[in-house]
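Here's the structure we're looking at; comments come further down.
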Amino acid sequence: MNIALLGSSASWYFHDLVRAAAGRHEITAVTFKDLWSDVCSTGSTLESGGFDLKKADCVLVRTMPPGTLEQVVFRMDALAELEAAGRLVINPPRGVEAAVDKYLTTMRLQRAGLLVPRTIVCQTADAGMAAFASLGGDVVMKPLFGGEGRGITRLADDGLAERAFRMIEQLGGVLYLQQFVPHEGCDLRLLVIGRRVLGIRRVNKLDWRTNVSRGAKAEPLEVTPELAEMAHQAAAAVGLPLAGIDLLPGRDGRLYAIEVNAVPGWRALAAALKIDVARMVLELVESSCH
């Protein structure tokens, strides 16, 4: 198979997939930045760095870099064009589009019956301060678009909250505020690969954020049927065959669905579980092409 990987050729994930392919597939790294489309009366082309994406058997999305609204829309349109041309895109454009929009993701998780933290989305600093008070004066503010943990801030001080909200309002942004869920310094990361679900527990006693990049320790997690069902529900709600699902066990004894990642990492998970996740991802691609 000819696989185009939207991501950096220097990334660990590109090299891990090339290793797992073991020469069975040709994997070429291309970037969103270099996307280039030519539309005329006889048809259209879509390239990146001189690589014809419409000639790939599969386009595997391995990054979603920040950008302006115009850039994000163009990237989503390009993925949709590839899908319309009969190319396999993982993850599908509609799923990626939903996952990068935190408000849409949260709404879909809630409609699917999953427990989500109380979330208020508004557009002015005054509304933000009212939301801050309503949410108990302890909130997690996240950018509406984006992923990979970028721009997430916890606010528990009135003055800091007001300054942050006014800055976002001046920039023409949207305030996405979630009630902070007290927890014991750990969360669950479930990786959905088709029908498979793998899991780790991420533990960080020094930071409220449980990202491995912030020092959290990854431990193997037994994925119970209940956890697997929650993971499949979350992935299906957003429309992703390959997804990272973050679940947070609160001190109140309940399990909250926090995030759905359309470009999930697996480096820490593969190391903790001592399994070849990249091979499983390629198996998903192979089965999806038939």
I need V39, V96, V30 ordered by Cβ neighbour count within 10 Å, fewest first. V39, V30, V96
Helix 225-238 axis, angle to the chain major axis (alpha carbon atoms, nearest 10°): 70
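Give me the percent of DSSP beta bridges within segment 1-131 that run antiparallel, rounded to the nearest 5.
Details: 8 of 20 bridges.
So the antiparallel bridges in segment 1-131 amount to around 40 percent.
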Segment 95-132 scanned against label point 7 Å out from S288 along Cα→C-beta; backbone N under 13 Å for 95-97
Counting alpha carbon pairs within less than 8 Å and at least 6 residues apart, what relative contact order, in whole percent, applies to the chain? 17
Tilt, helix 277-288 to longest principal axis of the chain (alpha-carbon atoms), in degrees rounded to tens, equals 60
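Give me the number: length gained by fully extending D57 to A271, i.e. 0.36 nm times residue separation minus the C-alpha to C-alpha distance, one decimal in nm.
74.1 nm
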Given that just one value was derived from the coordinates, which of (1) 56, 46, 33; (2) 66, 39, 32; (3) 61, 43, 38 is Cα extents along the principal axes in Å? (1)
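Compute and list, largest first, the equivalent-ellipsoid semi-axes of segment 119-179 from the alpha carbon gyration tensor, each √(5λ) rounded to a whole angstrom.
Details: eigenvalues 49, 35, 21 Å².
Semi-axes (√(5λ), whole Å): 16, 13, 10.
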Distance between segment 238-260 and segment 163-185 - C-alpha centres, whole angstrom: 20
Zone residues, segment 95-129, relative to D157, backbone N less than 20 Å from point 7 Å out along Cα-to-Cβ: 125-126, 128-129
Could you run the Karplus curve 6.51 cos²θ - 1.76 cosθ + 1.60 with θ = phi - 60° over segment 158-171 and give me ³J(HN,Hα) per residue in whole Hz, x for Gly and Pro? 4, x, 5, 4, 5, 4, 5, 5, 5, 5, 5, 4, 5, 7
Quick one: which residues, 5+ away or cross-chain, put their amide H under 5 Å from the amide H of F51? H built at 1.01 Å from N. none
MRE, 222 nm, helices only [DSSP H, n ≥ 4, -39500 (n - 2.57), over the chain, to nearest 500]: -10500 deg cm²/dmol
Extension reserve of the A84-S134 stretch, reckoned as 0.36 nm per residue once the Cα distance is removed: 13.5 nm
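At a 10 Å Cβ-Cβ cut-off, how would you order D77, D252, fewest neighbours first? Please report the intermediate quantities before stating the final value.
Numbers: D77 14, D252 10.
In order of increasing Cβ crowding within 10 Å: D252, D77.
To the nearest 0.05, what FRET efficiency results for T68 and K217 with a Förster distance of 51 Å applied to their C-beta separation? Walk me through the intermediate numbers first.
Working: r = 37 Å, r/R0 = 0.72.
Step by step, r from the Cβ atoms, then E = 0.90.
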In degrees between 0 and 90, to the nearest 10, how far off the longest principal axis of the chain does helix 102-111 point, with axes built from Cα atoms? 80
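Rounded to the nearest 5, what is the percent of antiparallel bridges among the DSSP beta bridges in the chain? Spell out each step's value before the answer.
Values: 45 of 57 bridges.
Looking only at bridges with both residues in the chain, the antiparallel portion is about 80 percent.
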How large is ³J(HN,Hα) for each residue in segment 86-97, as worked out from phi by the Karplus curve 6.51 cos²θ - 1.76 cosθ + 1.60 (θ = phi - 60°), to whole Hz, x for Gly and Pro? x, 7, 6, 10, 10, 8, x, x, 5, x, 4, 4
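No lab work stands behind these numbers, since they all come straight from the coordinates. Predicted model, so just to flag it, every value in this text is computed and none were measured. Glycine gets a Cβ as well: all are built from the backbone with ideal geometry, and neighbour counts include every protein chain shown.
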